[in-house]
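Have a look at the structure below, then the notes.
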Amino acid sequence: MNKHKLWLSSDRVDQIINDIESHYPYETGGVLMGYTGSNGDAVVTDLIFSGPNASHKRYSFCPDQDYQLEQIANVYYDSQGTVNYLGDWHSHPKTFPDLSLLDKRTLTKVALTPESKCPNPIMVIFGEKPSKWSINSVRFQNGKMRMWPFSSCNYEYLQITSD
């Protein structure tokens, strides 16, 4: 089976790592904007960071949602609708870039929220282990919301390709 790719330029990776290190040892994150090609590969064209009123903690972060929604709208309109919300990225300082139960639940919630207009969101996690900064990238395939902390979340791994 052909593994889909996530095209994320080395410049974008560097921007994310700089943001991660500026908030270290706390989590941070942001939004991936771009498009999905006819072959199923996703291309990241723009990043949106956590925002000025975000809350960063050791094992979680809460983005400045108003800031992010405004930036998403700006990127979308500036591109005349060709650049869309693809998903989110965040950091896991001092640990592996594996999806937590909360990450799986968040991915499922985004996918099942019609307002997101993203039935197959991507989640990229940067972890400090096994090497600094290891990257894991997945795309939601299907799932269901269940009582906290559980959700059904099936996803595919995306191969990250850079320049």
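Residues of segment 1-21 being in a helix (DSSP H, G or I), buried (at least 16 other Cβ atoms within 10 Å of the Cβ) and aliphatic (A, V, I, L, M), which ones?
Looking only at segment 1-21, we keep the residues that are in a helix (DSSP H, G or I), and these are 10-21.
Narrowing the set further to residues that are buried (at least 16 other Cβ atoms within 10 Å of the Cβ) leaves 12-13, 16, 19-20.
Scanning segment 1-21 gives Val13, Ile16, Ile20.
Being among the hydroxyl-bearing types (Ser, Thr, Tyr) and either more than 16 Å from Val124 (Cα to Cα) or part of a helix (DSSP H, G or I) (or both) is the filter here; which residues of segment 60-109 pass it? Reasoning before the result, please.
Filtering segment 60-109 down to residues among the hydroxyl-bearing types (Ser, Thr, Tyr) leaves 60, 67, 76-77, 79, 82, 85, 91, 95, 100, 106, 108.
Passing the criteria: Tyr67, Tyr76, Tyr77, Ser79, Thr82, Thr106, Thr108.
So, of the residues in segment 113-127 that are open to solvent by 20 Å² or more (accessible area, probe 1.4 Å) and at pLDDT 95 or above, which turns out to be farthest from Ser10 (Cα to Cα)? Spell out the reasoning first.
Taking segment 113-127 as the starting set, the residues that turn out to be open to solvent by 20 Å² or more (accessible area, probe 1.4 Å) are 113-117, 119-120.
Adding the requirement that they be at pLDDT 95 or above leaves 119-120.
Numbers: Pro119: 27, Asn120: 24 Å.
That would be Pro119.
Looking only at segment 49-98, which residues are on the phi > 0 side of the Ramachandran plot and loosely packed, with under 12 Cβ neighbours inside 10 Å?
Of everything in segment 49-98, those that are on the phi > 0 side of the Ramachandran plot and loosely packed, with under 12 Cβ neighbours inside 10 Å turn out to be Gln80, Gly81.
Can you tell me which condition Tyr24 does not meet? The list is (1) open to solvent by 40 Å² or more (accessible area, probe 1.4 Å); (2) touching an Asp or Glu at 6+ places or on another chain (Cβ under 7 Å); (3) of a type outside the set (Asp, Glu), and all the others hold.
The number of the failed condition is (2).
May I ask you to say which residue of Tyr67, Tyr35 is farther than 20 Å from Gln159 by Cβ and among the hydroxyl-bearing types (Ser, Thr, Tyr)? Don't jump to the end; show me each part of the working.
Values: Tyr35 fails: farther than 20 Å from Gln159 by Cβ.
Going through Tyr67, Tyr35 in turn, the sole match is Tyr67.
Pick from segment 99-112 the residues that are open to solvent by less than 20 Å² (accessible area, probe 1.4 Å) and in contact (Cβ under 8 Å) with a residue 40 or more places away in the chain: which of them is farthest from Ile135 (Cα to Cα)?
First, the residues of segment 99-112 that are open to solvent by less than 20 Å² (accessible area, probe 1.4 Å): 103, 107-108, 111.
Then keep just the ones that are in contact (Cβ under 8 Å) with a residue 40 or more places away in the chain; that gives 107-108.
On the way: Leu107: 17, Thr108: 20 Å.
It comes out as Thr108.
The values are calculated or read from the model by the stated rules, or taken from the named source; none is laboratory data. The structure displayed is predicted, hence computed values, not measured ones. Virtual Cβ from ideal backbone geometry, glycine too; neighbours counted across all protein chains shown. Note: accessible area is taken over every heavy atom of the protein model, side chains too, but ligands, DNA and RNA are not part of it. Shrake-Rupley method; radii C 1.70, N 1.55, O 1.52, S 1.80 Å.
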